[in-house]
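J.: Can you keep this structure in mind? I'll have questions shortly.
The values are calculated or read from the model by the stated rules, or taken from the named source; none is laboratory data. It should be emphasised that the depicted structure is a prediction, and the values quoted were computed from it without experimental measurement. With ideal geometry, Cβ positions are generated from the backbone for all residues, glycine too; neighbour counts draw on all protein chains shown. Side chains are part of the model used for accessible areas, which takes the heavy atoms of the whole protein and leaves out ligands, DNA and RNA. Shrake-Rupley method; radii C 1.70, N 1.55, O 1.52, S 1.80 Å.
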Amino acid sequence: MTNCLHVVLVTGLLLTAGWSRAQVNISGKPGILNIPTARLLPDGTFQMGYHYNPSNYDLRANDPNAVVSSNVTYQSASIYYAHLVVLPRLEINVNFYNVNGYLPVKARGIGDRQFDVKYGVLTERERRPSVAVIVSAPFGYDNSLVTYAAVATKNVTLSEHVTAEVTAGFGSPFYFDRSDNVGNDFNIFSNYKLHNKNERPNPYLSGPFGGVVVRYKKNIGGMIEWDARHLNLGAYATLFKRWTVQAGVINFDQVTFGTSYAVSLLELPKRLRVKRGDVK
């Protein structure tokens, strides 16, 4: 079933018309591999895609002793996402985190669902970086990619065709969820609890993070990042000005990869643009 979903998703992306701008992170936000950036997408952009997270860095492992426990199995995951720019500077993201491998039918469902909001506090200027804040909705029970972060990004021109995108940020180690509401979720405003991400063996974005992407003609690039826990390397390529594929190595240990595709919901189809241009 999981393989079928992969085929359907990729086929759908290839048949969609639109354009894309560089790579996205693990949860489908403009970013590097695991970390987000403050890069803002054009108004009306809709982006969707897939990301594979390797088993050694299972974000669903929430047992503080899982690293030394013999009865805990780490599993890779498939992450599906959709990202939309609803207003200038305001972006929303929905992602589904699905554990690969065996899970009881009742436990699998459609995956761990998460809703995020990103707001661009500052846009990039010649002498200042763009700055954004990202907040995850706290309505989940045990979300894997919880993001409470502030991040800044600056682009630097290295030559006529080569640019570098430099990012630095900080992810809060604390977050709220409704994990005590399992089986009793009628009131989404009850039983919120404060958690510390560092109690997990693989906490996501807990502490300072940063990275650099070096691009050639904005179509291909290499990247390096510190995700607050691991040093990761990767590369990406944009095909047909629309479809982006990327891959990397987490902690010089296991491979991660993903693909994304974007369309502009505000851009007219080519046939209509031509007809409108013929009108005098």
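J.: Within region 230-242, is even one residue in contact (Cβ under 8 Å) with a residue 24 or more places away in the chain, in a strand (DSSP E or B) and either in contact with a Phe, Trp or Tyr (Cβ under 6 Å, 6 or more places away or on another chain) or farther than 26 Å from Thr157 by Cβ (or both)?
T.: Checked against the condition, which is being in contact (Cβ under 8 Å) with a residue 24 or more places away in the chain, in a strand (DSSP E or B) and either in contact with a Phe, Trp or Tyr (Cβ under 6 Å, 6 or more places away or on another chain) or farther than 26 Å from Thr157 by Cβ (or both), region 230-242 yields no hits at all.
J.: Turning to a different aspect of this structure: Look at region 125-161 and say how many of its residues are touching a Lys or Arg at 6+ places or on another chain (Cβ under 7 Å) and more than 26 Å from Val94 (Cβ to Cβ).
T.: Here the count works out to 2.
J.: Within region 243-265, track down each residue that is open to solvent by 50 Å² or more (accessible area, probe 1.4 Å), over 17 Å from Gly31 (Cα atoms) and part of a strand (DSSP E or B).
T.: Val255
J.: How many residues are surrounded by fewer than 18 Cβ atoms within 10 Å (Cβ to Cβ), in contact (Cβ under 8 Å) with a residue 40 or more places away in the chain and under 28 Å from Glu267 (Cα atoms) when one looks only at region 209-229?
T.: Residues in region 209-229 being surrounded by fewer than 18 Cβ atoms within 10 Å (Cβ to Cβ), in contact (Cβ under 8 Å) with a residue 40 or more places away in the chain and under 28 Å from Glu267 (Cα atoms): 3 in total.
J.: Of everything in region 180-229 that's assigned to a strand (DSSP E or B) and among the basic types (Lys, Arg), which residue is modelled with the highest pLDDT?
T.: The residue in question is Arg215.
J.: Okay, moving on. Can you work out which of the residues in region 48-80 that are open to solvent by less than 30 Å² (accessible area, probe 1.4 Å), within 29 Å of Val121 (Cβ to Cβ) and in contact with a Phe, Trp or Tyr (Cβ under 7 Å, 6 or more places away or on another chain) is modelled with the lowest pLDDT?
T.: Leu59
J.: Continuing with the same structure: So which residues in region 143-163 are assigned to a strand (DSSP E or B), closer than 18 Å to Glu126 by Cβ and open to solvent by 10 Å² or more (accessible area, probe 1.4 Å)?
T.: Within region 143-163, Ala152, Lys154, Asn155, Val156, Thr157, Thr163 meet the criteria.
J.: Another question, then. State all residues of region 139-176 that are out of contact with any helix residue (DSSP H, G or I) (no Cβ under 9 Å at 6 or more places or on another chain) and closer than 18 Å to Ile79 by Cβ; if no residue qualifies, say none.
T.: Asn143, Ser144, Leu145, Thr147, Ala149
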